[in-house]
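Asker: Dropping a structure here in structure tokens format, bear with me for questions.
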Amino acid sequence: MSLEIYNWEDLPANNQESIANLVSSYTQGQLGEQPQMLPVTTKEVCAKFSGAVAMACGTFSGYVAAAQPIAHAGSTMSEIGSLWVPLNYRGQGIAQKLVGHISSDVSNKDVVPFAFCNQLSLGVFLVSGYTHAKPEEIPVESFSFCSNCPAKPEAGCCDTTLVYKGGENAK
């Protein structure tokens, strides 16, 4: 399988729009699969700070993005999320390549990536150079999305918080 990873901004506008529509449809449960992330609109996908798209043999096979950066504890941080690899492309290392790509891209812009991971994404992020983080290590504004979480946690966040530290597995 030939796999290429593209930066969002390098894609033609019509490709951005069709992929943004597809990602939004997935997150809203419109593709026959239970989404494992909070819903995003097409407009929100297009407004991300950075994004990466996987194309397997010229066909869309995955997406991940970084939110607009937030100042926190003397640095600038960005949440990596909206990671999605369609079912027929899973198990081929695409998610890890996407996470490694976006993490390097964001880090190269002097922004520290972090993530909220569920059980399906946790391993991908850990292998990609992320380490466990305490809630106070992440911008408090990021936890505002927990109020929209379908799991409706009684307190705090039900996901595992991680911060990118880089390393040999991050490529």
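Asker: For the range 1-49, give me each residue that is over 30 Å from residue 71 (Cβ atoms) and hydroxyl-bearing (Ser, Thr, Tyr).
Answerer: Once the filter is applied, which keeps residues that are over 30 Å from residue 71 (Cβ atoms) and hydroxyl-bearing (Ser, Thr, Tyr), the range 1-49 yields 2, 18, 25, 26.
Asker: Scan the range 97-139 for residues that are over 17 Å from residue 52 (Cα atoms), without any contact (Cβ under 8 Å) to a residue 60 or more places away in the chain, in contact with a strand residue (DSSP E or B) (Cβ under 8 Å, 6 or more places away or on another chain) and assigned to a helix (DSSP H, G or I) and report the count.
Answerer: The total comes to 3.
Asker: Are any residues in the range 118-146 buried (at least 21 other Cβ atoms within 10 Å of the Cβ), within 12 Å of the chain's Cα centre (by Cα) and of a type outside the set (S, T, N, Q), and if so, which ones?
Answerer: 124, 125 - these are the residues of the range 118-146 that are buried (at least 21 other Cβ atoms within 10 Å of the Cβ), within 12 Å of the chain's Cα centre (by Cα) and of a type outside the set (S, T, N, Q).
Asker: For the range 55-88, enumerate the residues that are within 22 Å of residue 43 (Cβ to Cβ), among the small types (Gly, Ala, Ser) and in contact with a helix residue (DSSP H, G or I) (Cβ under 6 Å, 6 or more places away or on another chain).
Answerer: 62, 66, 78
Asker: If you don't mind, another one. In the range 35-70, what residues are within 19 Å of residue 137 (Cβ to Cβ) and free of Cβ contacts under 8 Å to residues at least 12 places away in the same chain?
Answerer: Listed by number, the list is empty, since nothing qualifies.
Asker: Also: Give the range 42-79 a look and list any residue that's in a loop (DSSP other than H, G, I, E, B), more than 11 Å from the chain's Cα centre (by Cα) and within 13 Å of residue 16 (Cα to Cα), or say none.
Answerer: Result: 47, single match.
Asker: Can you tell me which residue is nearest to the chain's Cα centre (by Cα) among those in the range 80-105 that are crowded, with 16+ Cβ neighbours inside 10 Å, farther than 17 Å from residue 129 by Cβ and not aliphatic (A, V, I, L, M)?
Answerer: 82
Asker: Which residue is nearest to residue 96 (Cα to Cα), if the candidates are limited to the range 20-52 and must be β-branched (Val, Ile, Thr) and in contact with a helix residue (DSSP H, G or I) (Cβ under 6 Å, 6 or more places away or on another chain)?
Answerer: 23
Here, each number is a calculation from the coordinates, and none is a lab measurement. Just so we're clear, the structure is a prediction, and the values are computed from it rather than from any experiment. In this analysis, Cβ positions are derived from the backbone assuming ideal geometry, glycine residues included, and neighbour counts consider all displayed protein chains.
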